[in-house]
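The values are calculated or read from the model by the stated rules, or taken from the named source; none is laboratory data. For clarity, every value in this text was computed on a predicted model and none was experimentally measured. Please note: Cβ atoms are built from the backbone with ideal geometry, for glycine as well, and neighbour counts cover all protein chains shown. Surface areas here come from the heavy atoms of the whole protein model, side chains and all, with no ligands, DNA or RNA. Shrake-Rupley method; radii C 1.70, N 1.55, O 1.52, S 1.80 Å.
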Amino acid sequence: MAIYTRTGDRGETSVIGGRVFKDDLRIEAYGTIDELNGFVGQARSMMDDEQFADVRQQLLEIQHELFDCGSDLAYVRQDEGNYKVTGGMAERLERWIDLLQAENPPIERFILPGGSGLASVLHVCRTVCRRAERRTVSLGRSTDINGETVAYLNRLSDYFFALARTANTRLGVADVEYIRGAKVFRDLR
């Protein structure tokens, strides 16, 4: 079976229920989610199986859920009965964030992306996730979407922040603090 169809050679692509231009807000939103999924896969592949077994499994689940987000956004005509992303998914991310934060040292200043190579890639995940969230919000301002997708992406970027710090902690590498700013956090792990 060929993976090429030539149907997009004129700048259009298929979505569930029609065809749109490849720069359509819908394509921008779920295309950015797809980009994020690529970085999540990269981060996961960098993790030691034993040291990061718990989060490797979480990231695999997240990769499936990112496909669910894309699927929900691919519908031209929204039908709540077809949604895959639910509020329970964001709530579960909150529980995972709390577990990760319990491992992290207290934070007083903003953190720059960096420390270990793994933490750096997780910060890329965080920033691409924020962009995916912005694209999804833009789409939601022009058409009906599953609002739970926005909540999920919002919480997921927090998860990547916490996980980047946990990666540094587990690897024995200090976070890189933004030293030109004041101490702005109190008792935040």
Next item on the list: Would you mind working out the accessible area per residue for the chain, using a 1.4 Å probe, and quoting it in Å²?
Entry: 55 Å²
Margin query: Could you tell me the calculated FRET efficiency between Arg10 and Phe67, based on Cβ-Cβ distance and R0 = 25 angstrom, to the nearest 0.05?
Written below: 0.40
Item checked: Cα→Cβ-extended label distance, 7 Å offset, between Thr86 and Thr127, nm -> 3.5 nm
Check: Relative to the first principal axis of the alpha-carbon coordinates of the chain, what is the inclination of helix 147-171, with its axis defined by its Cα atoms, in degrees from 0 to 90 and to the nearest 10?
Finding: 30 degrees
Check: Hey, what angle do you get for helix 25-45 against the long axis of the chain, alpha-carbon based, 0 to 90 degrees rounded to 10?
Finding: 40 degrees
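Whenever you get a sec, line up Ser157, Ser45, Ser71, Ser138 from highest to lowest accessible area (probe 1.4 Å, protein heavy atoms).
Final ranking, largest accessible area leading: Ser45, Ser138, Ser71, Ser157.
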Notebook entry, point to check: How much net charge surrounds Ser138 when only the other residues with a Cβ under 15 Å from the Cβ of Ser138 are counted, with Lys and Arg +1 and Asp and Glu -1?
Noted result: +1
Check: Say R0 is 22 Å: what FRET efficiency, to the nearest 0.05, do Arg56 and Glu177 get from their beta-carbon distance?
Finding: 0.20
Next item on the list: Using only Cα atoms, find the angle between the long axis of helix 87-103 and the longest principal axis of the chain, and express it within 0 to 90 degrees, rounded to the nearest 10.
Entry: 20 degrees
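Using a Förster distance of 41 angstrom, determine the FRET efficiency expected from the C-beta separation of Arg95 and Glu35, and round it to 0.05.
Numbers: r = 26 Å, r/R0 = 0.64.
Once rounded, the FRET efficiency stands at 0.95.
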Checklist line | Helix-only CD estimate at 222 nm, as mean residue ellipticity for the chain, using -39500 (n - 2.57) per DSSP H run (n ≥ 4) | finding: -20500 deg cm²/dmol
